[in-house]
Amino acid sequence: MANNPSARKRIRQNERRRERNIARLSRMRTFIKNVEKAILSGDKEAAATAFRAAQPEMQRAAGKGVISRNTIGRKLSRLSARIKSLSQAA
């Protein structure tokens, strides 16, 4: 256990940051799920709208260091490609 004031403060800060990061990650995943649902329904416009809403949220998570920028780039690219393919199939 922490024995000096600065270590105790660091523990408090880490806990607050951990909670904030968990919330950001959860929020990002919710946005991604909304895009996935729209893609599975086959509605290209709904998928594109959900994607436009999810994109800044995902970029924000990457900017805050919650998840790697490369991971976000890959996820955005794959979602975008899946939305694009909806028009070709329909």
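Read the figures in this text as sums done on the coordinates, not as results from a lab. All values reported here derive from a predicted model rather than from experimental measurement. Here the Cβ positions follow ideal geometry from the backbone for every residue, glycine too, while neighbour counts run over all protein chains shown.
In this structure, is Gln55 out of contact with any strand residue (DSSP E or B) (no Cβ under 6 Å at 6 or more places or on another chain) and touching a residue at least 12 places away in the same chain (Cβ under 8 Å)?
yes
Can you tell me which of Gly73, Gly65, Gly42 is at positive phi and within 16 Å of the chain's Cα centre (by Cα)?
From the options Gly73, Gly65, Gly42, the qualifying one is Gly65.
For the stretch 31-52, give me each residue that is exposed (fewer than 12 other Cβ atoms within 10 Å of the Cβ) and part of a helix (DSSP H, G or I).
Within the stretch 31-52, Leu40, Ser41, Glu45, Arg52 meet the criteria.
Given (1) of a type outside the set (Phe, Trp, Tyr); (2) in contact with a Ser or Thr (Cβ under 9 Å, 6 or more places away or on another chain); (3) in contact (Cβ under 8 Å) with a residue 12 or more places away in the chain, identify the lone condition not met by Ala61.
Failed condition: (2).
Suppose we filter Asn3, Asn14 for residues that are loosely packed, with under 12 Cβ neighbours inside 10 Å and not in a helix (DSSP H, G or I); which single one remains?
Going through Asn3, Asn14 in turn, just one is loosely packed, with under 12 Cβ neighbours inside 10 Å and not in a helix (DSSP H, G or I): Asn3.
Of all the residues that make up the stretch 12-28, how many are touching a Lys or Arg at 6+ places or on another chain (Cβ under 7 Å) and more than 19 Å from Ala62 (Cβ to Cβ)?
Matching residues across the stretch 12-28 total 0.
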